[in-house]
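Report on one structure; see the data block that follows.
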Amino acid sequence: MALRINYLASALLIASFSPAVVFAHAHLVSQIPAADARVGAAPQTLTLRFSEDVEPSFSGVTLSGPQRQKIATETARVDPGDNRNLIVALQATPGVGEWRVDWHAVSVDGHKTHGSYRFHVEQ
Ligand SMILES: [Cu+2]
């Protein structure tokens, strides 16, 4: 009986310390450039901030331009100190116009999420 109670207590303790593993999906919280932003300087990298830690090797973006041209990206990585920040370096500079970011992410609990947003590069 004591053993069983210990087991339950341990399970509860583990659950209370790892809510991300138990519940969470990685939802996009914010991004740089921000969704619907009009930026004067074209970005060299995209930073996507998620609600949970993400696995960079299973997460990334597709960047599509005003003429549906695509800009290739480097392999996605995360901030060394914060696995909620996905950082994607661009292999070329986006020109003037509206750009669409289609993102996909896998959180540390293995769940997949995806979505898209746009930003605008001004002259
Ligand atoms: Cu999840």
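The values are calculated or read from the model by the stated rules, or taken from the named source; none is laboratory data. The structure displayed is predicted, hence computed values, not measured ones. Note: ideal-geometry Cβ built from the backbone for every residue, glycine included; neighbour counts use all protein chains shown. Accessible surface is based on the protein model in full, side chains and every heavy atom, while ligands, DNA and RNA are left aside. Shrake-Rupley method; radii C 1.70, N 1.55, O 1.52, S 1.80 Å.
Quick one: would you say ARG68 is assigned to a loop (DSSP other than H, G, I, E, B), open to solvent by 80 Å² or more (accessible area, probe 1.4 Å) and more than 16 Å from the ligand (Cβ to nearest atom)? Criteria met by ARG68.
The set of residues from the stretch 42-65 being open to solvent by less than 60 Å² (accessible area, probe 1.4 Å), out of contact with any strand residue (DSSP E or B) (no Cβ under 6 Å at 6 or more places or on another chain) and either within 16 Å of the ligand (Cβ to nearest atom) or not in a strand (DSSP E or B) (or both) comprises just one member, PRO43. I'm trying to understand the selection: among the residues of the stretch 74-123, which are outside any strand (DSSP E or B), of a type in the set (D, E, K, R) and surrounded by 14 or more Cβ atoms within 10 Å (Cβ to Cβ)? Once the filter is applied, which keeps residues that are outside any strand (DSSP E or B), of a type in the set (D, E, K, R) and surrounded by 14 or more Cβ atoms within 10 Å (Cβ to Cβ), the stretch 74-123 yields only ASP109.
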